[in-house]
1. Could you please tell me which pairs satisfy a Cβ distance under 6 Å, a separation of 6+ or placement on different chains, a first residue in region 31-47 that is touching a residue at least 24 places away in the same chain (Cβ under 8 Å), and a second residue that is in a helix (DSSP H, G or I) and open to solvent by 50 Å² or more (accessible area, probe 1.4 Å)?
2. Is it the case that some residue within region 50-60 is open to solvent by less than 20 Å² (accessible area, probe 1.4 Å), over 17 Å from G99 (Cα atoms), at pLDDT below 90 and not in a helix (DSSP H, G or I)?
3. Would you pick out the residues in region 20-49 that are more than 13 Å from the chain's Cα centre (by Cα) and outside any helix (DSSP H, G or I)?
4. Specify which of the listed residues (S74, S68) is in a helix (DSSP H, G or I), among the small types (G, A, S) and open to solvent by 10 Å² or more (accessible area, probe 1.4 Å).
5. State whether the residues of region 80-87 include one that is at pLDDT 95 or above, in contact with a strand residue (DSSP E or B) (Cβ under 9 Å, 6 or more places away or on another chain) and open to solvent by less than 60 Å² (accessible area, probe 1.4 Å).
6. Using beta carbons and a limit of 9 Å, which pairs, at least six apart or on different chains, have the first residue in region 1-24 and more than 17 Å from K39 (Cα to Cα) and the second one open to solvent by less than 50 Å² (accessible area, probe 1.4 Å) and polar (S, T, N, Q)?
7. For Y45, all conditions in the list (1) modelled with pLDDT of 95 or more; (2) open to solvent by 60 Å² or more (accessible area, probe 1.4 Å); (3) in contact with a helix residue (DSSP H, G or I) (Cβ under 8 Å, 6 or more places away or on another chain) hold save one; what is the number of the exception?
8. With respect to D17, determine if the residue is modelled with pLDDT of 95 or more, charged (D, E, K, R) and touching a Lys or Arg at 6+ places or on another chain (Cβ under 7 Å).
Amino acid sequence: TDIDNDQLRDMLENNTDYYFIDVRTAEEYAVERIPGFTKNIDYYYFEDDFDMLDDLKTDRPVVLMCNSGRRSASASRIFLKIGFTEVYNLKDGIQGWDGETE
């Protein structure tokens, strides 16, 4: 499910049960990130190796973001494929984010 900035703000403020995962590269994550996205899992590493996701519980909702929303949209499909049932994608990624960044 795609979400917009307002929906993300609400999730960040009110939903402590969510995983907030940035699927950009470590280099991108180091330069700029949305506060609250404390987990960085590089999409290019886990797209063929789901073992990187073993420490995540599939019964928790997950919110994914990347630079433009394309990698995180693809990652959303992977998360659903491996058993997550509640998966959200920040549709325009950090490029469309109109809030603060770290």
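1. As it stands, the answer is G36/L12; F46/M52, since those pairs meet every condition given.
2. yes
3. Answer for region 20-49, where residues must be more than 13 Å from the chain's Cα centre (by Cα) and outside any helix (DSSP H, G or I): E32, E47, D48, D49.
4. S74
5. yes
6. Listed pairs, sorted by first residue: T1/S76; T1/N89; D2/S76; D2/N89; I3/N89.
7. Only one criterion in (1) modelled with pLDDT of 95 or more; (2) open to solvent by 60 Å² or more (accessible area, probe 1.4 Å); (3) in contact with a helix residue (DSSP H, G or I) (Cβ under 8 Å, 6 or more places away or on another chain) is unmet by Y45, namely (1).
8. Spelling it out, it is not the case that D17 is modelled with pLDDT of 95 or more, charged (D, E, K, R) and touching a Lys or Arg at 6+ places or on another chain (Cβ under 7 Å).
The values are calculated or read from the model by the stated rules, or taken from the named source; none is laboratory data. From a predicted model like this one, the values you see are computed outputs, not experimental measurements. Positions of Cβ are backbone-derived with ideal geometry, glycine not excepted, and every protein chain shown enters the neighbour counts. Side chains included, ligands, DNA and RNA excluded: accessible areas come from the protein's heavy atoms. Shrake-Rupley method; radii C 1.70, N 1.55, O 1.52, S 1.80 Å.
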